[in-house]
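Novice: Sharing a structure, written as structure tokens. Questions coming.
The values are calculated or read from the model by the stated rules, or taken from the named source; none is laboratory data. Note that the coordinates shown come from a computational prediction; the quantities given were computed from them, not determined experimentally. No Cβ is skipped: glycine too gets one built from the backbone with ideal geometry, and neighbour counts run over all protein chains shown. Heavy atoms of the whole protein, side chains included, go into the accessibility calculation; ligands, DNA and RNA do not. Shrake-Rupley method; radii C 1.70, N 1.55, O 1.52, S 1.80 Å.
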Amino acid sequence: MKMKKVLSLGLSLLMCGTLLVGCGTDNKESVANESKTLKVAGLDGGYGTKGWQEVIKKFEEKTGVKVESTFEKKISDVLRPKLTSGKDVPDVIYLSVGAVGGLTDTLIKEKQIADISALLETEIPGEDKKVKDKILTPFVEGATADPYGDGKLRLAPLNLGPCGLFYNAKLLKDKGWDVPTDWDAMFELGEKAKKEGIALFTYPTAGYFDAFFTSLLNATAGPETYAKLIAYDSEAWKLPEVKKAFEIVGKLKDYTLETTVANANGDNFTKNQQAVIDGKALFIPNGTWLPGEMAATTPEGFEWGMMGIPAVKKGGDTYSTNFVEQMYVPEKAENKDLALQFIAYCYSDEAADLFRKYGGKNEKASKEAGEDVYNPGYLLPIKGYEKRISEAEAPYYTLAEKGVKTNSATFMAAEAVEGVTLLGETGILFGSVNSVMNGDKTVEKWYSESLDAIAKIEKANAEAAKK
């Protein structure tokens, strides 16, 4: 399951004599580090933990630092009490904005994520380059990396993963159905599919609408308006083209697989993904990890297709959210210098190769081969990333070449408002999707509640700015 969220990111000089992260590692340094322990914690998600284990092992060999790691499916639940008490706090956390549990979102709101702007000037252990010389600039600029818009880096990008609508390409070919590029064509296809007992749409969980809905907003309202939307501009949210996005989701209700909502949770979401493989549904919002995540139950001959979110009108712009997973250093971390050194190492070619080589374990292939076989893992957003993409994966990373525009799904940081949760799996904006799809909530009520939440957040932000 994806570990959520998205593109665009933002980023002081670190003196070698002050922090060892700015220096290359030699034997003396390695010996000095032998008494130091770095704590790393993160999500055990769709990419598994083998890549992390291998990267940690190499980092220990290279630096002499001992690393204690904790990776759990419900890492938010594990870390929340530690971060609250300030005891046994990890030095590095891998957990994206919008991930289940909302821990990262909470830490951003509470301003408990450290400024790691010095990372760009940090020399990568084992290489003669600084992070800024390798990392792709767009990924260290904008709200996903700089949630407060103050020009300081707090969230380091880990994975380059385009999101969009995945579909059963073979089924469409066999039926002679064209891949729709606008919503009119999409719903026309929905009528054809419905006559044959096939649903047009399903989704893993409501949380996946962070990528889907933000791309849809770009398609309906345009990027200039979207920039105002993620900054909580209440007047922008009242525009009819913004409401149009809500209405499109509401219309999808009539074309969504009936069992979707019942399975749209952390335990059963793969059933909705399997429905596309089994030909029970045509489209599902997801990211590049999907084929690997479902490899064990994907039959021979199946062909995944991937497209951006359809345009509002024929010939209009289509969009795809670029999901970038994130690493960061908690404000309460004890070893911020070692944390920066570790994160810098993650951008080395050695680490990038290991992350890519070891994704989630492919149980089906492992059984057939009689040895462990892994799906492709994280694709680090560094120069030369395209060399780590196989021919089979290329279609998932070439949407831009097909004219699909890229957008970010990350909102700017906001002041906490009692009783108001806008984003995340249980937030008003995305979490309401289940209620809309099962008929418990109308589109009008969903839209009205979203406007009310936005207005309260905008007011809180304005009052905080005056202080």
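Novice: Could you identify the single residue in THR122, THR202, THR104, THR137 that is polar (S, T, N, Q), surrounded by fewer than 22 Cβ atoms within 10 Å (Cβ to Cβ) and either touching a strand residue (DSSP E or B) at 6+ places or on another chain (Cβ under 9 Å) or within 28 Å of VAL436 (Cα to Cα) (or both)?
Specialist: That would be THR137, the only listed residue that is polar (S, T, N, Q), surrounded by fewer than 22 Cβ atoms within 10 Å (Cβ to Cβ) and either touching a strand residue (DSSP E or B) at 6+ places or on another chain (Cβ under 9 Å) or within 28 Å of VAL436 (Cα to Cα) (or both).
Novice: Where residues in the range 227-246 are more than 27 Å from GLU141 (Cα to Cα) and within 25 Å of the chain's Cα centre (by Cα), which of them is most open to solvent (accessible area, probe 1.4 Å)?
Specialist: LYS244
Novice: Moving on to the next point. Of the conditions (1) over 15 Å from LYS313 (Cα atoms); (2) open to solvent by 10 Å² or more (accessible area, probe 1.4 Å); (3) in a helix (DSSP H, G or I), ASP178 fails just one. Which one is it?
Specialist: (3)
Novice: Follow-up question, since we're still on this one. Residues that are more than 30 Å from LYS132 (Cα to Cα) and either surrounded by fewer than 21 Cβ atoms within 10 Å (Cβ to Cβ) or over 20 Å from the mean Cα position of the chain (by Cα) (or both): does the range 316-326 have at least one?
Specialist: Yes, the conditions are met somewhere in the range 316-326.
Novice: Same structure again: If the Cβ limit is 8 Å and pairs must be 6+ apart or interchain, which residue in the range 253-274 that is within 23 Å of TRP183 (Cβ to Cβ) pairs with which residue that is of a type outside the set (A, V, I, L, M, F, W, C) and surrounded by fewer than 16 Cβ atoms within 10 Å (Cβ to Cβ)?
Specialist: LYS253/GLY439; TYR255/LYS194; VAL261/ASN438
Novice: Looking only at the range 42-80, which residues are open to solvent by 10 Å² or more (accessible area, probe 1.4 Å), over 16 Å from the mean Cα position of the chain (by Cα) and small (Gly, Ala, Ser)?
Specialist: GLY64, SER69
Novice: Follow-up question, since we're still on this one. Please determine whether any residue of the range 386-395 is closer than 24 Å to LEU107 by Cβ, surrounded by 16 or more Cβ atoms within 10 Å (Cβ to Cβ) and among the charged types (D, E, K, R).
Specialist: Among the residues of the range 386-395, not one is closer than 24 Å to LEU107 by Cβ, surrounded by 16 or more Cβ atoms within 10 Å (Cβ to Cβ) and among the charged types (D, E, K, R), which makes the answer no.
Novice: I need the full set of residues from the range 419-467 which are touching a Ser or Thr at 6+ places or on another chain (Cβ under 7 Å) and under 19 Å from THR259 (Cα atoms), in order please.
Specialist: Scanning the range 419-467 gives GLU425, MET437, LYS441.
Novice: Which pairs turn up if I take residues in the range 52-63 that are among the acidic types (Asp, Glu) and look for partners that are crowded, with 18+ Cβ neighbours inside 10 Å and in a helix (DSSP H, G or I) with beta carbon separation below 9 Å, at least 6 apart in sequence or on another chain?
Specialist: Final answer for the pair search is GLU54/ALA351; GLU54/LEU354; GLU54/PHE355.
Residues checked against (1) surrounded by fewer than 20 Cβ atoms within 10 Å (Cβ to Cβ); (2) more than 20 Å from SER408 (Cβ to Cβ); (3) in contact with a strand residue (DSSP E or B) (Cβ under 9 Å, 6 or more places away or on another chain):
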residue: THR225; (1), (2), (3): yes, no, no
residue: TYR255; (1), (2), (3): no, yes, yes
residue: ASP267; (1), (2), (3): yes, yes, no
residue: ALA281; (1), (2), (3): no, yes, yes
residue: TRP289; (1), (2), (3): no, no, yes
